[in-house]
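Colleague: One structure coming up, written as structure tokens, with questions to follow.
The values are calculated or read from the model by the stated rules, or taken from the named source; none is laboratory data. Please read all numbers here as calculations on a predicted model, not as lab measurements. Positions of Cβ are generated from backbone atoms using ideal geometry, with glycine treated the same way; all protein chains shown enter the neighbour counts. The area values use the complete protein model at the heavy-atom level, side chains included, leaving out ligands, DNA and RNA. Shrake-Rupley method; radii C 1.70, N 1.55, O 1.52, S 1.80 Å.
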Amino acid sequence: MSKLNCWEVKKCGREAGGVKTGELGVCPAALDTSSNGANSGKNGGRICWAVAGTFCGGKVQGDFAQKQVSCMACEVFKKIKHEEGAESFMLMKSGQAYHANR
Ligand code: SF4
């Protein structure tokens with residue numbers, strides 16, 4: 001099973017070299033080297049919900065507290081959570097705190 005990054009699932013074109021980078025630049029999820037390898041993704045590609053200011057929907061999103069409701073309903077989040085399974089799924093970046101219902 002190939003493990004796709006969010007930009008490969010969503011085909012947003014906002015990854016480095018992507019067709020839509022002229023609009024907003026490269027998405028923070030694709031640039032977040034501190035997340036590299038999380039859920040076996042490239043940079044933040046498989047933990048994009050925990051990366052602040054991503055470009056989903058063609059506009060800059062907030063931090064995790066602001067976007068958690070929409071991210072948890074997102075096909076990328078659900079797909080990666082399912083693929084990784086309860087044992088290895090990373091919800092947050094290492095060192096990042098999770099505050100439910102903030
Ligand atoms: S977080 Fe959204 S906008 Fe950013 S690369 Fe992933 S799918 Fe594209």
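Colleague: Got a number for residues in the stretch 72-96 being in contact with a Phe, Trp or Tyr (Cβ under 6 Å, 6 or more places away or on another chain) and open to solvent by 50 Å² or more (accessible area, probe 1.4 Å)?
Modeller: So the count comes out to 1.
Colleague: Follow-up. Might you let me know whether the stretch 59-81 holds any residue that is in contact with a Cys (Cβ under 7 Å, 6 or more places away or on another chain) and in contact (Cβ under 8 Å) with a residue 12 or more places away in the chain?
Modeller: Just the residues of the stretch 59-81 that are in contact with a Cys (Cβ under 7 Å, 6 or more places away or on another chain), to begin with: 76-77.
Restricting the remaining residues to those that are in contact (Cβ under 8 Å) with a residue 12 or more places away in the chain gives 76-77.
Yes, that holds for at least one residue.
Colleague: Let me ask something additional. Which members of the stretch 25-40 meet the condition of being more than 10 Å from the ligand (Cβ to nearest atom) and open to solvent by less than 20 Å² (accessible area, probe 1.4 Å)?
Modeller: Restricting attention to the stretch 25-40, the residues satisfying the condition of being more than 10 Å from the ligand (Cβ to nearest atom) are 25, 33-40.
SER35, ALA38, ASN39 - these are the residues of the stretch 25-40 that are more than 10 Å from the ligand (Cβ to nearest atom) and open to solvent by less than 20 Å² (accessible area, probe 1.4 Å).
Colleague: Moving on to the next point. Kindly indicate which of ALA86, ALA52 is of a type outside the set (Phe, Trp, Tyr), more than 10 Å from the ligand (Cβ to nearest atom) and without any contact (Cβ under 8 Å) to a residue 12 or more places away in the chain.
Modeller: Values: ALA52 fails: without any contact (Cβ under 8 Å) to a residue 12 or more places away in the chain.
Unique residue meeting the criteria: ALA86.
Colleague: Can you spot a residue in the stretch 59-68 that is more than 11 Å from the ligand (Cβ to nearest atom) and buried (at least 18 other Cβ atoms within 10 Å of the Cβ)? Full working, then the answer.
Modeller: Looking only at the stretch 59-68, we keep the residues that are more than 11 Å from the ligand (Cβ to nearest atom), and these are 62-66, 68.
The next check asks that each one be buried (at least 18 other Cβ atoms within 10 Å of the Cβ); those that pass are 64, 68.
Taking every residue of the stretch 59-68 in turn, at least one turns out to be more than 11 Å from the ligand (Cβ to nearest atom) and buried (at least 18 other Cβ atoms within 10 Å of the Cβ).
Colleague: Now, a different point. Looking at (1) more than 11 Å from the ligand (Cβ to nearest atom); (2) open to solvent by 40 Å² or more (accessible area, probe 1.4 Å); (3) part of a helix (DSSP H, G or I); (4) touching a residue at least 24 places away in the same chain (Cβ under 8 Å), which one does GLY22 not meet, given that it meets all the others?
Modeller: (4)
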